[in-house]
Structure formats: structure tokens, C-alpha cells
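Here is the structure we will look at.
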Amino acid sequence: MMDPAYKLSLGDRVAGMLRDEILSGRVAPGERLNLDDYKNSWDISITPLRDAAKKLEADGLVVIAPRRGVFVATIEHRDLFDIFEVREALEPLVTEKATPHIPLSEIEHALKEHRAVERISSKAKRIERLQRIDHMVHDLVVAHCPNARLSRLVTGLRDSILWCRNSVQRSVPDAFDPSLLEHIAICEALLTRDAALAARAMSDHIVATRERTRAALAQQA
């Protein structure tokens with residue numbers, strides 16, 4: 001079967017690649033996207049890059065400044081907390097609905113991955129591993145939520161959630177360390193098939209992350 005990506009136009013594929021550069025955190029908010037650099041490194045013409053930049057501008061991810069270039073958009077504090085508000089409303093419900101349906105082997109794998117981080121003594125390696133698994137529990141519950149409409153709502157927020165995550169990472173020192181124990185608590189609740197407890201653990205995690213972010217931003221003001 002043909003890879004669905006090949007059915008997309010070159011502009012759409014390039015837009016996806018640029019989107020990944022932004023949402024992965026490789027290019028920071030406010031930083032200039034040098035299209036000529038991508039032209040050379042990706043070995044493509046400048047036209048699909050310009051088309052991609054226009055698509056991302058329509059999505060609010062970049063700002064095109066005439067005669068200055070293309071810049072990654074910055075997320076305002078109000079937007080950041082709006083995203084948290086939506087997550088607080090939806091993700092605990094997704095978790096509650098998904099709890100009876102997640103294979104125990106997948107929950108055990110996620111818990112094992114998180115427990116392994118506790119044994120890492122190197123701070124740099126610990127942070128790197130935490131960054132890699134930070135989305136694991138969130139993706140797990142969305143993947144197994146039986147309410148397709150609810151899953152699509154949260155999936156549709158993926159870009160905003162990743163953007164929120166990157167902003168938290170920059171604003172809160174050692175942002176992922178407190179989340180580790182919170183993610184473990186969610187996994188442990190999922191293992192017991194206690195849907196209400198799992199939903200509460202997810203809610204507690206999102207609220208705690210929001211408040212850590214609020215405190216860090218207040219200190220920076």
C-alpha cells in the first residue's frame with residue numbers, strides 16, 4: 001500500500017516537516033525560520049517552502065514579516081492557560097473512558113518506562129529520557145478511548161498541546177521531573193482498572209503542571 005504521505009502535495013509534506021521542527025521544540029518561539037537553510041538541507045526548491053510557510057501562518061504557527069522573513073509565532077500566556085483549561089476538561093474524561101480498554105501489557109510497558117527513569121543518576125540523561133516519554137501516558141489513553149468523537153477532539157488539539165508542552169519546558173526549570181511521579185500515579189491507577197482514580201490522577205497532573213507554569217511565569221514577570 002502506498003504511504004499516505006505520498007498522496008500529499010510537496011507543499012503539504014514540507015509544511016508537515018516544518019510543523020515538526022516547530023512543535024518538536026527544535027526551533028523556539030520568536031526564532032527565525034531560515035527557509036534557505038531548509039532549501040539546502042532538504043534539497044528542495046524555495047517555492048514549496050514558501051507555500052508551507054503560508055499554510056503554517058494560517059494555522060497560527062508562524063508569522064511572515066515582509067522583508068524580514070518567517071518567524072515562529074510566540075504563544076501568549078492567555079493562550080497557554082486556555083489550552084490548559086481545555087485539557088483539564090477533556091483529558092480526564094478521555095482517561096476515564098479509556099481505562100477499561102487499555103491492554104494491561106501496554107500499561108505495564110508505560111509504567112516500566114517511567115520506573116526506569118527513576119534509576120537514572122545522570123541529570124542530563126534523565127531529562128533526555130523524560131522528554132522522550134512525556135507524551136506516552138497521554139497518547140495511551142487517547143489511543144484506547146472508545147468515544148471516537150472525544151478522541152478526535154483531543155487529537156485535534158495535538159499541535160496546541162505540543163506547543164503548550166514546549167512553552168512549559170522553557171518556563172519551568174526541570175519541568176519533567178515532577179511530572180514523572182504524576183505519570184506513574186496515572187499508570188498505577190490504570191493498572192487497577194479504577195477509571196475514577198485514573199481520571200482524577202490525570203486531572204491532578206494537568207492542574208499541577210498548570211500551577212507550576214503559572215508560578216514560574218510569575219517569577220519571570
Exercise for the section: Name every residue in the range 188-204 that is open to solvent by 10 Å² or more (accessible area, probe 1.4 Å) and closer than 18 Å to residue 114 by Cα, in order of residue number. Expected result: 188, 191, 192, 201, 204
Practice task
Test residue 120 against the stated conditions and say whether it is modelled with pLDDT under 90 and not basic (Lys, Arg).
Solution key: no
Completion exercise
Scanning the range 28-73 for residues that are over 27 Å from residue 157 (Cβ atoms), basic (Lys, Arg), free of Cβ contacts under 8 Å to residues at least 12 places away in the same chain and in a helix (DSSP H, G or I) gives 39
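The values are calculated or read from the model by the stated rules, or taken from the named source; none is laboratory data. Predicted model only: the values in this text are computed from it and were never measured. Every residue, glycine as well, gets a Cβ built from its backbone with ideal geometry; the counts of neighbours run over all protein chains shown. Heads up: the accessible areas ignore ligands, DNA and RNA and are worked out on the full protein's heavy atoms, side chains in. Shrake-Rupley method; radii C 1.70, N 1.55, O 1.52, S 1.80 Å.
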